[in-house]
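**Q** Questions regarding the structure given below will be posed in turn.
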Amino acid sequence: MSIKTDWNNFQKLFFHDTETGLSLDVSRMGLDENFFAAMEKPMRKAFQDMAELERGAIANPDENRMVGHYWLRNSALAPSEELRREIDETFHKVLEFAAKVHEGEIRPERAERFTRVLSIGIGGSALGPEFVSSALETAQDPMKIHFFDNTDPEGIDHVLDEIGDDLPRTLCVVISKSGGTKETRNGMLEAQNAYDRLGLHFGRHAVAVTGKGSQLSKYAEANQWLAQFPMWDWVGGRTSELSAVGLLPAALQGFDIDDLIKGAAACDILTREHVIAKNPAALLALAWYKGSEGKGAKDMVILPYADRLMLFSRYLQQLIMESLGKAKDLSGNQVNQGLTVYGNKGSTDQHAYVQQLRDGVNNFFVTFIAVLKDRRGPSMEVEEGITTGDFLSGFWQGTRQALTESGRASMLISIPEVNAFTIGVLIALYERAVGFYASLININAYHQPGVEAGKKAAGKILELQKRVAEALKESGKAMKADELANHIGHDDPEAVFHVARHLAANSRLGVTADNLGAEARFVYDKKFDY
Ligand code: PA5
């Protein structure tokens, strides 16, 4: 495809909306008239699929579920009165709860006020809150947020160290749609243990966001947690930022969640437009299709020139890759679809991998994201007539130009400034583009069989770990991994090696080793059995 600057083509393709301030330029993605003509029919189908989805069709057939994240910002669209009421009630409950926490009406066991939030969740129950927090946080926020988003003991200790003496003033928000995710359960138990050590009742410092009747919900109920907020099966984890999953942490931090919702709602209106040139999500999906040949042939690099948007690429990585990375299409054909997403921020990344983007392998397309207003107050001049923000703008423009000159495709998204409204716009824009793109390539964007498979595989490893530890204890013999595998009748000595080595490295269940290499001999030692 030919990548060049062309003023006429730019004017023809440049999308700008005055109300949201959103702009999109796909003129350097090689979209010519032939391409638009060829994609007209598939795009019509994508519009139709989306309209049916919004009306409450079973858009996630594998899980037999509706897909309703668009109703969260306009409950009137929800297909039943009951859902409309639940959406509205939850929004108001979030606002009311956050206000009571800020006013000290809901207070910790042994302090006047909650001043910190510890958000415990993973994947779709963490990435949205993390992104929104890093985009909007200020030093004046009523509560500072921390995250457990893994089951890494060192990571957990690090966060607890950061919270330090403020733990009695910290509110834990445990988020899990299924309510059974092990990483989140572990994080919750580790947090509970930290409160127990201070003689504090965990339930008086905890709230849950979870599905009705889930394990987490039952646990919260049984242990008298402060409150519970619902997650619905018609909201997917990666599209849950505008449900209680994202709204509760955001409201507690003092962000304007009404504006977040308004931004998304305004973008939803824009992206329901059926004229392609007037629909930024359709243009985006078509640019992805062209850029990756509709089969993930090239990677999507997300390069926001704004520190506040650095976690956007991480958020999008999940939204896009978990949605589009699928083995089969909706007709059951093996397609192994996907779209690889990576990136951090400019101009920082210009001093890292942008060298390869300009001169190396041409296996990507870049999305530059510019924020037009670079600071809320006035800026000093770092050179005559030039500010730091001028440099930032100069860097994205210069880098984009350099990429164009070496034939590398790119597009540009710009927003007027980073605030709750524009963050809502960006979230809704990409959610819709993912939905359109999924229709173009005929896949189910709303299930995640790979994630479920990973969860099951870990369970098997933990079973094996138990067998290995018991076998070493019972036999009392020193054994190499292959001997140990043989002893317990397991056909994979490498798997046995890794679990035994993990136990030995952590002096757990009495397992020790003479070294940690492949020839290691593992043996039970009572001294380490605690
Ligand atoms: O997007 C998804 O569906 C996943 O990433 C989930 O959010 C993640 O696995 C966490 O699941 P849960 O919220 O059920 O704990």
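The values are calculated or read from the model by the stated rules, or taken from the named source; none is laboratory data. Not measured: the values here are computed from a predicted model. Using ideal geometry, Cβ is built from the backbone for each residue, glycine included, and neighbour counts are taken over all protein chains shown. To get the accessible areas, we keep the full protein, side chains included, count just its heavy atoms, and leave off ligands, DNA and RNA. Shrake-Rupley method; radii C 1.70, N 1.55, O 1.52, S 1.80 Å.
**Q** Between region 443-465 and region 52-85, what's the alpha-carbon centroid distance in Å?
**A** Region 443-465 and region 52-85 have Cα centres separated by 26 Å.
**Q** Rounded to the nearest percent, how much of the accessible area of the chain (1.4 Å probe, protein heavy atoms only) is carbon and sulfur?
**A** Numbers: 11870 of 23990 Å².
Exposed carbon and sulfur together represent 49 percent of the surface.
**Q** Give the residue from TYR437, VAL425, PRO449 lying farthest towards the positive end of the charge dipole for region 414-475; charges sit on Cβ (+1 for Lys and Arg, -1 for Asp and Glu) and the dipole is referred to the Cα centre.
**A** Result: PRO449.
**Q** Please work out the ratio of the alpha-carbon Rg of the chain to 2.2 N^0.38 Å and round it to two decimals.
**A** Details: Rg = 25.5 Å, N = 530, 2.2 N^0.38 = 23.9 Å.
It is 1.07.
**Q** A further question follows. Tell me, what is the per residue accessible area of the chain in Å², probe radius 1.4 Å?
**A** Per residue, the chain has an accessible area of 45 Å².
**Q** Also, I was wondering about something else. For Cα pairs less than 8 Å apart in space and 6+ apart in sequence, what is the mean separation divided by the residue count of the chain, i.e. the relative contact order in percent?
**A** With pairs under 8 Å counted, the relative contact order is 16 percent.
**Q** Hey, got a sec? Which chymotrypsin sites (Phe, Trp or Tyr not before Pro) in region 267-316 land in a DSSP loop and have at most 14 other Cβ atoms within 10 Å?
**A** Working: sites: TRP288, TYR289, TYR305, PHE312, TYR315; in loops: TYR305.
When the chymotrypsin sites (Phe, Trp or Tyr not before Pro) of region 267-316 are filtered for loop state and at most 14 Cβ neighbours within 10 Å, nothing remains.
**Q** Let me ask another. Within a Cβ distance under 12 Å of ASP529, other residues only, what is the Lys/Arg minus Asp/Glu net charge?
**A** +2
**Q** Here's another thing I want to ask about it. Which of the trypsin sites (Lys or Arg not before Pro) found in region 169-223 are in a DSSP loop and have at most 13 neighbouring Cβ atoms, other than their own, within 10 Å?
**A** Passing sites in region 169-223 are LYS212.
**Q** Taking region 93-123, which trypsin sites (Lys or Arg not before Pro) meet the DSSP loop condition and have no more than 13 other C-beta atoms within 10 Å?
**A** On the way: sites: LYS93, LYS100, ARG110, ARG113, ARG116; in loops: ARG110, ARG113.
Passing sites in region 93-123 are ARG110.
**Q** Longest exposed-loop-site-free stretch of the chain, with GluC sites (Glu not before Pro), DSSP loop and at most 13 other Cβ within 10 Å?
**A** 113-292
**Q** Let me ask something else. Between ASP62 and ASN363, what is the FRET efficiency for a Förster distance of 45 Å, r being their Cβ-Cβ separation, to the nearest 0.05?
**A** Calculated value: 0.90.
**Q** Please give the contour-minus-distance gain from ALA505 to PHE391: 0.36 nm per residue of separation, less the Cα-Cα distance, rounded to one decimal in nm. Kindly include the intermediate steps, with their values, before the conclusion.
**A** Details: separation 114, 0.36 × 114 = 41.04 nm, distance 4.92 nm.
Full-extension gain reported as 36.1 nm.
**Q** Between GLN48 and VAL275, 0.36 nm times their residue separation minus their Cα-Cα distance comes to what?
**A** Length gained between GLN48 and VAL275: 80.4 nm.
**Q** Right, here's the next one. Could you calculate the FRET efficiency of ASN9 with GLN355 from 1/(1 + (r/R0)^6), where r is the beta carbon distance between them and R0 is 41 Å, rounded to 0.05?
**A** The computed FRET efficiency comes out at 0.90.
**Q** FRET efficiency for GLU82 and ALA402, Cβ-Cβ distance as r, R0 = 56 Å, nearest 0.05?
**A** Working: r = 55 Å, r/R0 = 0.98.
Once rounded, the FRET efficiency stands at 0.55.
**Q** Still on this structure, please answer the following. For the modelled label position 7 Å from the Cα of GLU417 along Cα-to-Cβ, which residues of region 249-266 have backbone nitrogen atoms closer than 17 Å?
**A** Only 255-257, 259-260, 263 pass the distance filter.
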